[in-house]
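Chemist: My questions will all concern the structure given below.
The values are calculated or read from the model by the stated rules, or taken from the named source; none is laboratory data. From a predicted model like this one, the values you see are computed outputs, not experimental measurements. Neighbour counts run over all protein chains shown; Cβ positions are idealised from the backbone, glycine included.
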Amino acid sequence: MTHFRGNGLLILALTCWLGIAAAWAGKTKGHLVIIGGGDRTEEIMKRFVDLAGGADKARIVIIPLASGDPVEAGTEAAAEFKGLGMKDVAWILFSRAEAAAESTAAKFDGATGVYFTGGDQARVTRVIVGTPVQERLLRLYHDGAVIGGTSAGAAIMSKVMITGDELINKDTNNIFVSIQKGNVQTVEGLGFLDQVIIDQHFVKRKRLNRLISVVLEHPELPGIGIDESTALIVGPGGECDVLGEGTIVVFDARGARSIQSDKHGNLAARNVVTHIYRSGEKMDLKSLLPPRSQKRR
């Protein structure tokens, strides 16, 4: 292949489900293509282009703000899309001050797809969160555009965003070695998804500890860990396809019991549910269970 998951608990679970279902009902016409990082398969990138309207009709805008070398990242991403036959594709850079201007937001008018490159997700949120550009991107998604991103470009998709930094453990040679309260730093992401938390490079980089820590601190929000060369394709109703070469892991603590921490901050819980999805399977963000017709033996 070419490369580019007593009665009071029942009521709580039902309330959470209805909240998620209501959030999706009629809320958006757009799609999300959330890539876990690493090599991007041609199949994933073609799906992005198709959802944007096809190579001949799509207008794709690339945001390479996460990269340490955004000019290079933007140029390479544009070349990748052009290699798929794209005719109207460009990248754009702007500062926080520029993102506060309506004239910058207007540069996205007519875009049918917006793509975020990898790097450091905090670079993106520092510039965009709370600005007219964020409002315009959310409006594009609502109205039918496809929003995609890889690695850092995946992390920014959720409203609760993992930055990748630790607040307690300062040993950079042994990172995320605990399931610990108050250790994993989160900030506000761009919020295309406000019902879940996204993590990336998940299985490849063994990021289970950090995602489950955040999920136990935000038990109302399931955590979705997307592996490298793998994408979660989110449809307008919350229906999803898993596509690529790896897996997607979901931690769901909405029905968990006895979420506690000890004097060292170690987190503990009961009844945390785990789902693992492979390429070709479907899942539904409203329930985080595959439709019955898609269940595998």
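Yes/no per residue for (1) β-branched (Val, Ile, Thr); (2) over 24 Å from Ser287 (Cα atoms):
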residue	(1), (2)
Val146	yes, no
Gly153	no, yes
Ile168	yes, yes
Asn173	no, yes
Val187	yes, yes
Leu193	no, no
Ile198	yes, no
Lys204	no, yes
Leu208	no, no
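Chemist: For residues in the range 250-269 being within 19 Å of Lys286 (Cβ to Cβ), touching a Ser or Thr at 6+ places or on another chain (Cβ under 9 Å) and not acidic (Asp, Glu), which is surrounded by the fewest Cβ atoms within 10 Å (Cβ to Cβ)?
Modeler: Selected residue: Val250.
Chemist: Mind listing just one residue for me: the one in the range 68-88 that is within 22 Å of the chain's Cα centre (by Cα) and either surrounded by 14 or more Cβ atoms within 10 Å (Cβ to Cβ) or among the β-branched types (Val, Ile, Thr) (or both) and, of those, farthest from Arg47 (Cα to Cα)?
Modeler: Out of the qualifying residues, it is Pro70.
Chemist: Take the conditions at pLDDT 95 or above and within 23 Å of the chain's Cα centre (by Cα) and apply them to Lys46. Does it pass? Talk me through it step by step, then tell me what you get.
Modeler: Values: at pLDDT 95 or above: yes; within 23 Å of the chain's Cα centre (by Cα): yes.
Answer is yes for this residue.
Chemist: Residues being part of a loop (DSSP other than H, G, I, E, B) and touching a helix residue (DSSP H, G or I) at 6+ places or on another chain (Cβ under 9 Å): count how many of those fall in the range 29-62. Can you show your working first?
Modeler: Here is the first cut: in the range 29-62, the residues part of a loop (DSSP other than H, G, I, E, B) are 29-30, 36-41, 52-58.
If we keep only those that are touching a helix residue (DSSP H, G or I) at 6+ places or on another chain (Cβ under 9 Å) as well, we get 29-30, 36-37, 40, 55, 58.
Residues that pass the stated criteria total 7.
Chemist: Enumerate the helices (runs of 4 or more DSSP H) found wholly within the range 107-177, keeping only those where 2 or more residues are under 18 Å from Pro236 (Cα atoms) and either among the small types (Gly, Ala, Ser) or at pLDDT 95 or above (or both). Spell out how you get there, then give the answer.
Modeler: On the way: elements: 121-128, 132-143, 152-155.
Correct list: 132-143.
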